Structures are given as structure tokens and as C-alpha cells.
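Take a look at the structure below.
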Amino acid sequence: MSLKRACAIAGVAESRLGVVPDSTVLTLQAEALVAALADAGLEKSDVDGLLVSGAWGRLPGLQIAEYLGIQPSYADSTMVGGASFEFHLGHAAAAIQAGLCKVAVILYGSTQRSRADKYIFQIRNDLGYQYEAPYGLPTPVGSYAMAASRHFAQYGTTSEQLADLAVSTREWAALNPKAYRREPLTREDVLNSGPIATPLNKLDCCLFTDGGGAVVVVSPEIAKTLDKAPVWLLGQGESVSHAQISEMPDLTVTPAAKSGARAFEMAGVTHTDLDLVQIYDSFTITVLLTLESLGFCSPGAGGEFISNGRTGPSGEFPLNTNGGGLSYCHPGQYGIFLIIEAVRQLRGECDARQVADATLALISGTGGVLSSNSTCILGVE
Amino acid sequence: MSDDTLPDPDSEPYWDGAAAGELRYRHCASCETVIFYPRSLCTHCGAPNPDWAVSKGQGTVYAVSVVHRAPPAFKGQSPYAVLLVDLDEGFRMMSRIIDVEPDSVSIGDRVRVIFQDGPDGRPTPYFTPA
């Protein structure tokens, strides 16, 4: 069964982003929810589905529902890292298609920057992790560095090519008033930013910010009654591969290979039909590997694909047009912001960074250490 | 780093092996799958309770990263090279190379296991050039 046009996205919003000390994970999510419902033209009382993710509470799915005063008839707390929200979008579509709910809200918030002592992930060294923990690989950056080392050795990819992606992403951020880092960046700045875990340098890594987001997903019947043009889910696929990097079968191929193929097949579109792409950029290497796994270029060609400004505002391949996790915001789990930006682009709401005549977008979320992926294709026609 | 939940029922023979100078893994008698880290079932066919086996401890570096920003528990040790090693028996594990400059390690290098006390004092497998 297909999820094509099973639901539409009717409203999106961020909370305040960046450094937000006068907030909690609950207030940020409430802020985003109120703004996204207003964007959709719906009321809180319309919400009957709630999809949340996070590691900030004992039972986040219960705590946020209680705080907001929502008693959902469909609840999903799928937690597969930063990609959780793309999984949620597919799950919301399935639930709506099955008649389990009509207005589902996907929510996220984090105060990891301002209140890190309270709400950060607890690193565990037990169970499967006991076989990695003795060796001191910093998580998650060290695992992504391992994948980069493998890609460099296997295909001759270079730090310069990864740096170019960070530069192009910053150029998009310069066009986004909400982006956290907007000052110009050069390839040399990235290369000289200092090694974290070779071959990744500091500016190959995403930001560490506060922030929240909300996405309102509705049935086709409701979508047609709202003022703003609906953004349709045309295809979705999801895949889970492993939890730890030592268990990843091939460090150069991510679970996007499986989930992307399913999303394309469901949507009935091909790569060249797409107007823009939002790919989870926890690290520069994440984008390169995901692009290859999704089939935008052949295995090993990712370095060339992302270099020399190809993905920037003047390039031929508009990618991460909000400035991404690298320069716009990254509050722990970034995936919800991929959806928000794609919807705004497809509605033509992006002002200086607007991609002309955008009608079809792909978003691809990656979680854990290249562990999980959900890819969605969205369109306005 | 110290974790008083370890070893657990899955890992006790593994850590006992390390204390005896053996790198142990599991092997499925039904489908011949090599299983690492040790689990209570075959990750391929699902058969319960795979056999224990002892690796010769020889392998090839599959991936390597030199850590410059160490996690808090490892502060003061950087830079050090963390590896993924493909053992000749057909399993992959994380470890660290010791007794050489961290930057001198390359993917494809041959390495062999040695045992030293890990951060929690337990004998732990590390690697050195073969």
C-alpha cells in the first residue's frame, strides 16, 4: 500500500532558536505548536495525533502531551535519533490513511545549549556499547569520522571537498535571518578550524544550539479546507541499520539507499524532477554519503558533487537552503527542520533564499551514527 | 567509564577470554555466520546460543580516526588512533592501536591483538602492527 497523498502538511514553525536560556524543552515546543497551528489555520482542539521524540524526559511523549493539554488518540514516540521526524511523517500518513487521526502534530524541542546539565543525552557504556566504550571514540563525531576515513581511502575524497559543502551551506545561512552563523566562511577557515577526530575538523560539525519545531499534518479532506496550499507527502521510506558504527555493514553506504529507493518509487518521480533537496547535515560527510546512497551521484563521486559551490545559492543543486545543521541551528535532533524548510520553499515563503519555481522537494533524515534514515518526497502539485 | 553492570550474561565469556589472552567471538553451527559482538542468537538465521570460538587475533584496518578532542573520561590521552579492524575470521570490531604514532596507521594495515588493562582496569583487546 502506498502513502502517496495520504496526508498533507498544513502548518510549520520553529520556536526561538540558537541560545534561548529563558525557556524549557516544554515552552519551546509549546511556542512552536502555537505558531504552526496558526500557520495552518487550525486550533489546538483539532489535534488528535501527537508524534514526539527526544531524550529530555523520563517519558517525553507523556510529558509534552500533558503540558500542552492534548489527549491524542494516536501517539507515536519513535526515537531513532535525528531522523525521527521523517519517520514520524510516514507514520502520521499511515495513521491518517487508516482513519486513526485527522490532525497530527510532529513536535520537537531542546535546550541542550542553555541547560545542558539537565537535558543532555546520557552516554551509556553497557550492553552493545561495552565493546566500543573502552576505546574513547567521541560520539557521535568519531563514528562519522570513521566513515569519512573509509570514504577518503576508498575513493580519494578530500577534506577540501567536505569544506566546500560547509562553505556553500554557510552561503545559504547568510540569506536566512534565523540562521545562527551567517558570517562568510572560506574553505581555508574550515580546513584550519582544528581537528576533532580525523579527518573531520571543527567546522565539518554541526552547531550545538537550543530550538524547537512543529509540523501539522492533516488528512486530504481537511487540507482542502485550509487557506494555504497543502504540501503533499508523495513518497516516504524508512530504514534502520545498526546502533553503533562497528556494526555498520559498509561505512560508505547509509540506510538511505533502501529508504530513498522506496520513497522515489512511491512518489513516481526521479532525481532530475526535484527542485531542491534538504539532507541532514550533522557533519559534512553525512551529506556526501547520503547523496551517494540516494543515487544523486555514483558511489565515490560525492566529493566532486558537493565541491566548488555546486550546492550553494549560485550553484545548480540547491541543498540545505536554510543553512542546515551546520550554520542555521542544530538542537540535538535536527530532522524536523528539514521538513519545515522544504514546506516553506514549496510554498514560496523563503524570500532571499527562495528557490525559483520550487514544486518538488526531497528531504532525507539520518539518525544515530548513520544508523537510521527516512526519506520523504514532498510536492505542491 | 566504570560500569558495575558489566560483564553481563552475554559478555562474561568475552571478558573472561580477554583476561585469559583470548579474543573470543561466536559462530553459528546452523548457518556458519560469524557473530560479533557476542549475542545470544545468530544475527542471520536466529538460531539460539551460537558456539564460542577463539580468533587468531590477526586483522586488517578497515577504518581509522585519530581523536584530538577526547571525551571527558579520556582527557589527556589524545591524540590516539581508534580503529575498526576486520579480523581474518570475518568479524569487525572497534579497538585502538598502541605502541605506534597514531598518525602512522593507515587503512589496509595488518594488525594483531594484544591485551592490556582498559580504562576500567579490565584486560581489554588492543591492536599493534602485525
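Starting with the fewest neighbours, write out B:W15, A:W232 ranked by other beta-carbon atoms found within 10 Å of each beta-carbon.
Working: B:W15 19, A:W232 22.
By the 10 Å Cβ count, ascending, the order reads B:W15, A:W232.
Over the range A:145-225, what is the relative contact order in percent, taking alpha-carbon pairs closer than 8 angstrom and at least six residues apart?
26 percent
Quick one: if the Förster radius is 56 Å, what FRET efficiency do B:K56 and A:D273 give, using the C-beta to C-beta distance and rounding to 0.05?
The formula returns an efficiency of 0.60 here.
List, in order, the whole-Hz ³J(HN,Hα) value for each residue of the range A:349-365 obtained from phi through the Karplus relation with A = 6.51, B = -1.76, C = 1.60 and θ = phi - 60°; use x for Gly and Pro.
Working through the residues one at a time gives 9, 9, 6, 4, 9, 4, 7, 4, 6, 7, 10, 9, 10, 10, 10, 9, x Hz.
Just add up the charged neighbours of A:I70: K/R +1, D/E -1, any other residue whose Cβ is under 14 Å from the Cβ of A:I70.
Net charge in that neighbourhood comes out at -3.
Which FRET efficiency value, to the nearest 0.05, is calculated for A:K44 and A:R16 with the Förster distance at 25 angstrom and r the Cβ-Cβ distance?
Computed FRET efficiency for A:K44 and A:R16: 0.80.
Using only Cα atoms and rounding to the nearest 10 degrees, what angle (0 to 90) does helix A:256-267 make with the longest principal axis of chain A?
40 degrees
Net charge within 9 Å of B:W52 by Cβ-Cβ distance, Lys/Arg positive one each and Asp/Glu negative one each, not counting B:W52 itself?
+1
I want the local charge near A:A104. Using Cβ-Cβ distances under 12 Å, sum +1 for each Lys or Arg and -1 for each Asp or Glu among the other residues.
Numbers: positive: A:K102; negative: A:D46, A:D48, A:D76.
So the environment of A:A104 carries a net charge of -2.
Bear in mind that the values in this text are calculations on the coordinates, not laboratory data. Please read these numbers as outputs of a predicted model, since none were measured by experiment. Because the Cβ atoms are built from the backbone with ideal geometry, glycine has one as well, and the counts that use them run over all protein chains shown.
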